[in-house]
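Report on the following structure.
The values are calculated or read from the model by the stated rules, or taken from the named source; none is laboratory data. What you are looking at is a predicted structure, and each value in this text was computed from that prediction instead of being measured. Virtual Cβ from ideal backbone geometry, glycine too; neighbours counted across all protein chains shown. Ligands, DNA and RNA are stripped out before the accessible areas are found, and what is left, the full protein with its side chains, is counted by its heavy atoms. Shrake-Rupley method; radii C 1.70, N 1.55, O 1.52, S 1.80 Å.
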Amino acid sequence: MIYISLYEIQETQPTNSHYRTLICSSLILATTTLINPFGSDMNCPRDWPEPIVRVQSLSDSGLGTIPDRYVKPPTDRPSITAAAADVNIPLIDFQRLLDGGDGDVDPGVLEQVSEACRSWGFFQVVNHGVRPELMDQAREVWREFFHQPMDVKTAYANSPTTYEGYGSRLGVEKGAILDWSDYYFLHYLPSSLKDHNKWPAFPSSLRGVIEEYSEQVVKLCGRLMKILSINLGLDESCLQNAFGGDDIGACLRINFYPKCPQPDLTLGLSSHSDPGGLTILLPDQHVAGLQVRRNDQWITVKPAQHAFIVNIGDQVQVLSNAVYKSVEHRVIVNSNQERVSLAYFYNPRGELLVQPMKELVTPENPPLYPAMTFNEYRLYIRTKGPRGKSQLAIGESSAKSPR
Ligand code: OGA
Ligand code: NI
């Protein structure tokens, strides 16, 4: 992989000089960005360009070498430098927030979140209000689903038109190098997009568990939105309102990373930033795999017991006018353990225009991004093919970027 990672700031429009281009390019296959909420009427291929191969089936077949189409170019392959081995993302305890109820926000916690958002874009949170048993149940019902017979799973096979259901690739580029994972994607909010029939019927407890889990995670997101708003110097409801108030988007992607005979040659999920607002990741309790890019290193996250991993998505980068930045991350796999993770994406309502909040724009801090709906944003990336953080390149006239 070629990794051209650095931000370049340049004027692109002399006549409208406050629009600058923040070019952050990296030629990496990004992922979540490909989900199109509209259906087939958006100039979107109706089917995958090649027959779908389930990575879990490949893994179960016991092959000793992985097929060429999972082999990443040498620069993309996992490498762990000694210096990064004992670094971890910040860990924040929300207990004092819970004790104070919804009305009271502890200044110490605010400060920790502020620092984590500014310097990492990623943090872990414990005592977040989601029941630990529910977290375990949520992960384990999905593990059970992935261990159902193949015909049970393929009954939910997805297509590139909506991505909803059981899938094994992201992106529709013919001949693309693929990631070593399968996934399941579903909508929780807005309620008009939620359809329990598109959620697996097996195991039979799954729909109930995921309904309750979703409710609690969405509540946690509401709390996080308040904290971020206050930390940005805004009224506590500002960010939530910018997302659409009560009418926001929330969707879940369950990632299944099967054992891999040659983990050094591939990735479970290629480098990307999350296109939405905030992501709440429930990692596998026992198997590490998530890596966060920090400067020139990949830091492997060591999950704390019953912690969620929270990260800033592209839409919060836009709304905060880059006070907070989404950060690239990826997943490595291993040869002796499968890994399951649940990524909850909390997003602005699709039709709302998202742009730097006016309170954060001043003559010294002109808006870095033009207004765009989240639907357009995702569509662009789905169509052009996402590349790391290149979707946040901005500038009205750039043929290569939506912003
Ligand atoms: C994602 C993601 C990380 C993981 O789904 O967007 O980054 O650990 N997942 O599975
Ligand atoms: Ni992600």
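Counting the residues of the stretch 114-171 that are out of contact with any Phe, Trp or Tyr (no Cβ under 9 Å at 6 or more places or on another chain) and of a type in the set (S, T, Y) gives 2. Selection within the stretch 277-306: residues that are within 15 Å of ligand 2 (Cβ to nearest atom) and either among the charged types (D, E, K, R) or in contact with a His (Cβ under 8 Å, 6 or more places away or on another chain) (or both). The member of this set that is most open to solvent (accessible area, probe 1.4 Å) is R293.
For the stretch 199-220, give me each residue that is open to solvent by 20 Å² or more (accessible area, probe 1.4 Å), among the hydroxyl-bearing types (S, T, Y) and either touching a residue at least 12 places away in the same chain (Cβ under 8 Å) or closer than 21 Å to R349 by Cβ (or both). Passing the criteria: only S205.
The set of residues in the stretch 213-272 being outside any loop (DSSP other than H, G, I, E, B) and among the small types (G, A, S) consists of S214, G222, S229, A242, G249, A250, S270, S271.
What number of residues within the stretch 328-347 satisfy the criterion of being near ligand 1 (Cβ under 10 Å from one of its atoms) and touching a Pro at 6+ places or on another chain (Cβ under 6 Å)?
Step one: of the stretch 328-347, the residues near ligand 1 (Cβ under 10 Å from one of its atoms) are 328-332, 339-345.
From what is left, the residues that are touching a Pro at 6+ places or on another chain (Cβ under 6 Å) are 332, 341.
Qualifying residue count for the region: 2.
Restrict the check to the stretch 234-250 and report whether at least one residue is in contact with a strand residue (DSSP E or B) (Cβ under 8 Å, 6 or more places away or on another chain), within 18 Å of S192 (Cα to Cα) and within 16 Å of ligand 1 (Cβ to nearest atom). Yes, some residue in the stretch 234-250 is in contact with a strand residue (DSSP E or B) (Cβ under 8 Å, 6 or more places away or on another chain), within 18 Å of S192 (Cα to Cα) and within 16 Å of ligand 1 (Cβ to nearest atom).
The residue list P149, P107, P160, P132 contains one member that is more than 18 Å from I280 (Cβ to Cβ) and under 24 Å from the mean Cα position of the chain (by Cα), which is P160.
Of the set (1) within 30 Å of T161 (Cβ to Cβ); (2) more than 13 Å from ligand 2 (Cβ to nearest atom), all apply to R330 but (2). Looking across the stretch 147-186, the residues that are hydrophobic (A, V, I, L, M, F, W, C) and surrounded by fewer than 21 Cβ atoms within 10 Å (Cβ to Cβ) come down to M150, V152, A155, A157, V172, A176, I177.
Within the stretch 221-241, residues that are over 14 Å from P356 (Cβ atoms) reach partners that are in a helix (DSSP H, G or I) and acidic (D, E) with beta carbons closer than 9 Å, at six or more positions or on different chains, in the pairs N231/E111; D235/E359.
Total residues in the stretch 333-370 satisfying the condition of being over 17 Å from Q240 (Cα atoms) and away from ligand 2 (no atom under 16 Å from the Cβ): the figure is 15. A single member of K384, K358 is at pLDDT below 95 and surrounded by fewer than 17 Cβ atoms within 10 Å (Cβ to Cβ), and it is K384.
Evaluate the stretch 311-326: report whether one residue or more is part of a strand (DSSP E or B) and either of a type outside the set (S, T, N, Q) or more than 22 Å from C117 (Cβ to Cβ) (or both). Yes; the residues of the stretch 311-326 include at least one that is part of a strand (DSSP E or B) and either of a type outside the set (S, T, N, Q) or more than 22 Å from C117 (Cβ to Cβ) (or both).
The rows are residues; the columns are (1) within 28 Å of P258 (Cα to Cα); (2) open to solvent by 30 Å² or more (accessible area, probe 1.4 Å); (3) modelled with pLDDT under 75.
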position: S17; (1), (2), (3): no, yes, yes
position: C24; (1), (2), (3): no, no, yes
position: S40; (1), (2), (3): no, yes, yes
position: S61; (1), (2), (3): yes, yes, no
position: P73; (1), (2), (3): yes, yes, no
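Residue selection: A250 fails the criterion of being open to solvent by 10 Å² or more (accessible area, probe 1.4 Å) and under 29 Å from P132 (Cα atoms). Among residues of the stretch 273-292 that are without any contact (Cβ under 8 Å) to a residue 24 or more places away in the chain, those with a Cβ under 7 angstrom from a residue that is within 10 Å of ligand 1 (Cβ to nearest atom), sequence gap 6+ or separate chain, pair up as A288/V301; A288/P303. I312 fails exactly one of the following numbered conditions: (1) surrounded by 21 or more Cβ atoms within 10 Å (Cβ to Cβ); (2) of a type in the set (V, I, T); (3) away from ligand 1 (no atom under 13 Å from the Cβ). What is the number of that condition? Going through the list (1) surrounded by 21 or more Cβ atoms within 10 Å (Cβ to Cβ); (2) of a type in the set (V, I, T); (3) away from ligand 1 (no atom under 13 Å from the Cβ), I312 breaks only (3). Highlighted here are the strands (runs of 3 or more DSSP E) found entirely within the stretch 92-197 that include at least 3 residues which are more than 30 Å from I52 (Cβ to Cβ): 122-126.
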